[in-house]
Amino acid sequence: MERYVITVTIFCAVITRISCCDIVKLTFPSGFKIGTASAAYQVEGAWNISDKGENIWDHWTHNHPEYIRDGRNGDVACNSYYKYKEDVALIKSIGFDFYRFSVSWSRVLPTGFTNVISEDGLQYYKNLTAELVANGIEPVVTIYHWDHPQVIEEMGGWTNELIVDWFVAYARVLFEALGGSVKRWITMNEPNSFCTDGYEDTVNAPGKVITGIGKYLCAHNVLKAHAKTYRMYDEEFRDAQGGKLGIVLPIITYLPYNSSYTEAAEVAFQFVTGWLAHPLYFGDYPEIMKTRVALVSKSQGYPRSRLPEFSDEWIAIINGTNDYFGFNHYTSRLVYDDPDEELGIYNSDNGLIVTVDPSWPLGGSTWFYIYAAGFGELFRQIRDEYSNPPVWVMENGISDADGVDDYDRINYFYEYVREMLIAIKRDGCNVEGYAVWSIMDNFEWSAGYTERFGITYVEFDDADTNRTAKLSQTWWTKVLSKRKLQSVPTSTYTRTRLPWQK
Ligand code: NOJ
């Protein structure tokens, strides 16, 4: 009997091993696209060149440097406006399949509107796109990565519903000018982030603190603008251009604090991912959000829910407007129910306490905790919630404050990408593309230049903004040439707390 048990155990171990090694060889599936990403304000510089208009980040950093950790701004950043050919050569030399970049709205439309289209501004993006195509790199374009014209913010920005049509008009200019070469578009990057950090906090521009209302109003208009742009693309461009359009969401994986809190993790998922994704896939906000925000609003004395409602007409416009499920992922959290709720006290709309496992190693940002298994779990959550849509990871990476010997970054990429490959090969998750954030260190919003996310080191104090390869860049070059994850120099993280992580 004992022998039988041992034999069975060994057999099972072999099977598990086979499934691990055979199914998950750590090679990328054929046709899988691997790219790298950046965003206009974070890399371009040339903030006032030619007829470019002021955008909210120009305005915010110039008028409120106190909100940026090092008091700096994106006036020069990585100088990519001037160095785009060098950037493209770098991307090519590493071997990436695609480059995700964003367009600066006020560079193309200096007044914010289509009455003036900047020839120089548009030409820059035409040149960049052409340079990528000439070098065999697919351009993936983000229409909006947080930097709308200041003049539009003077009129309420994302809290004014008129922005919906202004955005559609801006997007049309880009489809007309670049749509011949660009086949994958991102309407907006991380609405949850710019709506919450920009309209309920001073973390992001425009830094308007409209507690409990700003973020919902902003996201409501974002969904309308995204959907109307999608419908406009369908009507005016899709037949001729044949591209794909999606929104990109920032997704933290929420896991139960312990096995009693699986429902809490589901609520957290709906409040973060479902908030934007549920309307795109099912037409309206998740039921739990509608119920909870109405309940908490009532307890606060509001006559109606702070979460706006969509009319049936809007539901029909929004439903089914994501050609692929795009998201950025960096970190995970643990959640449990807020015990105060038992006393009838509502501290938050979702009724949850969010925390981390103290054993998770740190990245270089205040919010950064490393937990690769959370990334794998996220693919399965998306597969189950949205009927296994085509998925594009549009950003993944890690921050530090170091130089070129970035062992932690290599380790992070190895662990996270491994989880992704397991999700694809073992769990059947339909992942088509993955982008490394970022091709180079850049302006990290409220952290200024103190946090580095690049696989290329940039000397920001040097007038030439020189770029130097980090070890992780060399590692990615090998991964891309073999289309297989490569071994890592060390599997332990070395990061200690940085001053801003106290
Ligand atoms: C997501 C944002 O899209 C990007 O701009 C930012 O730099 C990274 N997260 C890292 O924080």
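The values are calculated or read from the model by the stated rules, or taken from the named source; none is laboratory data. Quantities reported herein were computed from a predicted structural model and do not represent experimental measurements. Here the Cβ is made from the backbone with ideal geometry for all residues, glycine too, and neighbour counts use every protein chain on show.
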Checklist entry - Any residue at all in region 184-191 that is within 16 Å of the ligand (Cβ to nearest atom) and of a type in the set (D, E, K, R)? => result yes
Next on the checklist: Would you confirm whether or not region 345-359 contains a residue that is more than 16 Å from the ligand (Cβ to nearest atom), assigned to a helix (DSSP H, G or I) and more than 27 Å from Val222 (Cα to Cα)?
Outcome noted: no
Checklist entry - Of all residues in region 31-45 being surrounded by 21 or more Cβ atoms within 10 Å (Cβ to Cβ) and more than 13 Å from Asn442 (Cα to Cα), which is farthest from the ligand (Cβ to nearest atom)? => result Gly35
Item to check | Count of residues meeting criterion [without any contact (Cβ under 8 Å) to a residue 12 or more places away in the chain and either of a type in the set (D, E, K, R) or closer than 14 Å to Tyr346 by Cβ (or both)] in region 278-296 | outcome: 2
Next on the checklist: So Thr366 ticks every box in (1) away from the ligand (no atom under 16 Å from the Cβ); (2) under 18 Å from the mean Cα position of the chain (by Cα); (3) more than 17 Å from Val436 (Cα to Cα) but one. Which box is left unticked?
Outcome noted: (1)
Next on the checklist: With more than 20 Å from the chain's Cα centre (by Cα) and over 30 Å from Ser387 (Cα atoms) as the only criterion, which of Asp462, Asp427, Asp441 stands out?
Outcome noted: Asp462
Checklist entry - If you scan region 283-327, which residues turn out to be in a helix (DSSP H, G or I), surrounded by 16 or more Cβ atoms within 10 Å (Cβ to Cβ) and among the hydroxyl-bearing types (Ser, Thr, Tyr)? => result Ser297
Checklist entry - Could you list, in sequence order, the residues of region 370-405 that are small (Gly, Ala, Ser) and out of contact with any helix residue (DSSP H, G or I) (no Cβ under 6 Å at 6 or more places or on another chain)? => result Ala373, Gly374, Ser387, Gly397, Ser399, Ala401, Gly403
Next on the checklist: Is it the case, given these coordinates, that Leu334 is in contact with a Pro (Cβ under 9 Å, 6 or more places away or on another chain), assigned to a helix (DSSP H, G or I) and more than 15 Å from the ligand (Cβ to nearest atom)?
Outcome noted: no
Next on the checklist: I need every pair where a residue in region 440-451 that is closer than 13 Å to Trp500 by Cβ and at pLDDT 95 or above has its Cβ under 8 Å from the Cβ of a residue that is within 8 Å of the ligand (Cβ to nearest atom) and in a helix (DSSP H, G or I), sequence separation at least 6 or different chains.
Outcome noted: Glu444/Gln42
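Here's the yes/no breakdown for (1) small (Gly, Ala, Ser); (2) over 22 Å from Thr331 (Cα atoms):
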position	(1), (2)
Tyr233	no, yes
Glu236	no, yes
Gly243	yes, yes
Thr253	no, no
Glu263	no, no
Val267	no, no
Val293	no, yes
Pro303	no, yes
Item to check | Count of residues meeting criterion [surrounded by 22 or more Cβ atoms within 10 Å (Cβ to Cβ), within 16 Å of the ligand (Cβ to nearest atom) and not in a loop (DSSP other than H, G, I, E, B)] in region 375-404 | outcome: 7
Next on the checklist: Are there helices (runs of 4 or more DSSP H) fully within region 130-210 with at least 3 residues that are buried (at least 23 other Cβ atoms within 10 Å of the Cβ)? List them.
Outcome noted: 163-178, 191-199
Checklist entry - In this structure, is Asn396 more than 17 Å from Thr253 (Cβ to Cβ) and at pLDDT 95 or above? => result no
Next on the checklist: Only one of Arg184, Arg231, Arg238 is under 30 Å from Gln123 (Cα atoms) and either among the aliphatic types (A, V, I, L, M) or free of Cβ contacts under 8 Å to residues at least 40 places away in the same chain (or both). Can you tell me which?
Outcome noted: Arg238
Checklist entry - Does Gly198 meet the test of being at pLDDT 95 or above, of a type outside the set (D, E, K, R) and within 16 Å of the ligand (Cβ to nearest atom)? => result yes
Checklist outcome for this item: Counting only residues that are outside any loop (DSSP other than H, G, I, E, B) and in contact with a Pro (Cβ under 7 Å, 6 or more places away or on another chain), region 418-430 contains a total of 1
Checklist entry - Which one of Lys228, Lys215 is assigned to a helix (DSSP H, G or I), touching a Gly at 6+ places or on another chain (Cβ under 9 Å) and at pLDDT 95 or above? => result Lys215
